[in-house]
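Structure first, then comments.
The numbers here are math on the coordinates, done by the rules we state, and not lab data. Not measured: the values here are computed from a predicted model. Quick reminder, even Gly has a Cβ in these numbers, built from the backbone with ideal geometry, and neighbours come from all protein chains shown.
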Ligand code: FES
């Protein structure tokens, strides 16, 4: 499985992940704290700016509008990386 790198704004080093692991799960494994009360894509507390790269969602309802996705927001608790990504807190 391809290794994907996640860079979290202001944090170093990059986090290693794969395309089946949520951004949050990979960050948590690396010891990076991120607010994730619901962990299922509904509360929006974890919202982040996707500065680089692409993510996908396995759930049909990720709590983002189509416009927010186009504007570069993502929900790390349910976002699955499709490439190396850079995110920052929104
Ligand atoms: S933790 Fe609730 S939407 Fe991500």
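Tabulated results
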quantity: Relative contact order of the chain, pairs being alpha-carbon contacts under 8 Å that are 6 or more residues apart, as %; calculated: 38
quantity: Convex hull (Cα only) mean projected area of the range 1-40, reported in nm² to one decimal; calculated: 3.0
quantity: MRE, 222 nm, helices only [DSSP H, n ≥ 4, -39500 (n - 2.57), over the chain, to nearest 500]; calculated: -3000 deg cm²/dmol
quantity: Pairwise label distance in nanometres, residue 14 with residue 59, each label 7 Å out on the Cα-Cβ vector; calculated: 2.8
quantity: Relative exposure of 21, 3, 45, judged by other C-beta atoms within 10 Å (fewest first); calculated: 3, 45, 21
quantity: Extension gain from residue 33 to residue 52, taking 0.36 nm per residue of separation minus the Cα-Cα distance; calculated: 4.8 nm
quantity: Bins of 5 Å from zero: percent of alpha-carbon pairs in the chain; calculated: 3, 16, 30, 29, 16, 5, 0
quantity: For 56, 49, order by how many other beta-carbon atoms lie within 10 Å, fewest first; calculated: 56, 49
quantity: Added length on full extension, which subtracts the Cα-Cα distance from 0.36 nm per residue, residue 40 to residue 3; calculated: 10.9 nm
quantity: Extension gain, residue 67 back to residue 86 (0.36 nm per residue minus Cα-Cα distance, nm); calculated: 4.9 nm
